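Asker: Right, I'll just put the structure down here and ask away after.
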Amino acid sequence: MKSTYDIDLQQVSFQYDQTVVLKNISLQVKQGDFLAILGPNGSGKSTLLKIILGLLKPTSGSVHLFGQKGRDFKQKEWIGYVSQKSNAFNSGFPATVYEVVASGLVKKTGLLKKLPKNSKNLVVDALTSVGMESFSKHSIGELSGGQQQRIFIARALVSKPKCLVLDEPTVGIDHQHVQSFYDMLAKLNREQNITLILVTHDVDTVSDRISHVACLNQTIHFHGFKQDFQQLSDEDRKAWYGHSVRKIH
């Protein structure tokens with residue numbers, strides 16, 4: 001029987017040599033969910049994302065993506081990925097915003113094939129989705145950190161994914177622009193029904209936008225609706241996080 005979830009992990013474990021990184025992870029994400037994944041440094045968040053993206057194979061357990069076994073899943077363009085821009089991008093890279101976004105179509109067409117005839121419309125649509133349509137001719141290096149990160153989201157959106165995975169996307173973005181950045185993600189989720197999986201430490205900042213929370217520290221300590229997460233006591237949070245967690249309002 002096929003899974004009805006976009007992402008369905010059952011009893012997934014992963015280890016490097018003898019070091020256990022993830023243990024018995026069961027996590028389901030439905031279409032249109034906005035999931036925030038929380039966890040301290042070294043909790044396995046990046047490894048979990050790599051398993052979802054198909055970059056790592058679990059040591060044990062099963063992964064289903066859009067009803068297909070992970071190893072059989074071929075529609076890679078259905079899952080977009082946005083990393084921490086400040087750690088992964090050279091701002092001096094000589095490319096325009098249009099060229100950066102258009103490069104995201106390679107995931108759909110393949111490296112050596114021509115871009116589709118409607119590629120210009122796809123790029124414009126993606127830029128419009130993130131509020132950056134007027135910047136298409138700008139050099140990517142001219143933009144602020146927050147603007148660049150919107151461009152990388154547009155690059156992920158240009159292939160029309162069903163799910164968008166973001167790894168701490170507000171790293172390097174000025175604090176005063178973080179709220180508008182999360183507003184933009186919420187709009188994508190709400191208006192385009194794109195499933196969002198967000199690794200973040202800003203749970204209180206983003207709490208008004210998300211629908212679900214998963215607390216990860218080697219294993220899943222909580223996974224459910226944000227309203228239930230907000231009812232957790234400080235002691236409960238400390239128990240899985242490893243030390244006191246300060247709430248910021």
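Asker: Report the paramagnetic label zone for residue 174: residues of segment 131-160 whose backbone N is under 11 Å from a point 7 Å from Cα along the Cα-to-Cβ axis.
Answerer: Answer for segment 131-160: 144-147.
Asker: Right, something else. Evaluate the charge dipole of segment 39-84 about its Cα centre and quote only its size in Debye, nearest 20, assuming +1 on the Cβ of each Lys and Arg and -1 on the Cβ of each Asp and Glu.
Answerer: Details: 7 positive and 2 negative charges, 23 e Å.
The dipole of segment 39-84 has a size of about 100 debye.
Asker: Whole number please: convex hull volume per residue of the Cα set in segment 112-249, in Å³? Before the final figure, lay out the partial values.
Answerer: Details: hull volume 20.3 nm³, N = 138.
In segment 112-249, the Cα convex hull volume per residue is 147 Å³.
Asker: Further, regarding this structure: When Rg is the radius of gyration of the Cα atoms in segment 21-103 and Rh is its Kirkwood radius, what does Rg/Rh come to?
Answerer: On the way: Rg = 15.6 Å, Rh = 15.4 Å.
The Rg/Rh ratio comes out at 1.01.
Asker: Of 51, 34, 220, which is farthest on the positive side of the dipole of the chain, counting Cα position, with +1 on Lys and Arg Cβ, -1 on Asp and Glu Cβ, and the Cα centre as origin?
Answerer: 51
Asker: Also, I was wondering about something else. Return, ordered by residue number, the residues of segment 189-210 whose backbone nitrogen is under 16 Å from a label point located 7 Å along Cα→Cβ of residue 236.
Answerer: 204
Asker: If you don't mind, another one. Using +1 at the Cβ of each Lys and Arg and -1 at the Cβ of each Asp and Glu in the chain, identify which of 14, 62, 83 lies farthest towards the dipole's positive end.
Answerer: Looking along the dipole axis, the top candidate is 62.
Asker: What is the extension gain from residue 62 to residue 192, computed as 0.36 nm multiplied by their sequence separation minus the C-alpha to C-alpha distance, in nm to one decimal?
Answerer: Details: separation 130, 0.36 × 130 = 46.80 nm, distance 2.87 nm.
The span from residue 62 to residue 192 would gain 43.9 nm if fully extended.
Asker: Which percent of Cα-Cα pairs in segment 136-216 sits in each 10 Å bin, short to long?
Answerer: 16, 52, 29, 3, 0
Asker: At q = 0.08, 0.14 Å⁻¹, what is the base-10 log of I(q)/I(0) for the chain according to the Debye formula with one equal point scatterer per Cα and no solvent? Please give it to two decimals.
Answerer: Values, matching the q order: -0.31, -0.97.
Asker: Take the cross-link list 23/74; 117/160; 50/76 and give me the ones stretching past 18 Å between alpha-carbons.
Answerer: Details: 23/74 26 Å; 117/160 15 Å; 50/76 13 Å.
Distance filter (> 18 Å) returns 23/74.
Asker: About the Cα centre of the chain, how large is the charge dipole given +1 on each Lys and Arg Cβ and -1 on each Asp and Glu Cβ? Please answer in debye to the nearest 20.
Answerer: Details: 30 positive and 22 negative charges, 212 e Å.
About 1020 debye.
Each value in this text was obtained by applying a stated rule to the coordinates, not by laboratory testing. Bear in mind that the values here come from a model prediction, so they are computed numbers and not experimental data. Here the Cβ is made from the backbone with ideal geometry for all residues, glycine too, and neighbour counts use every protein chain on show.
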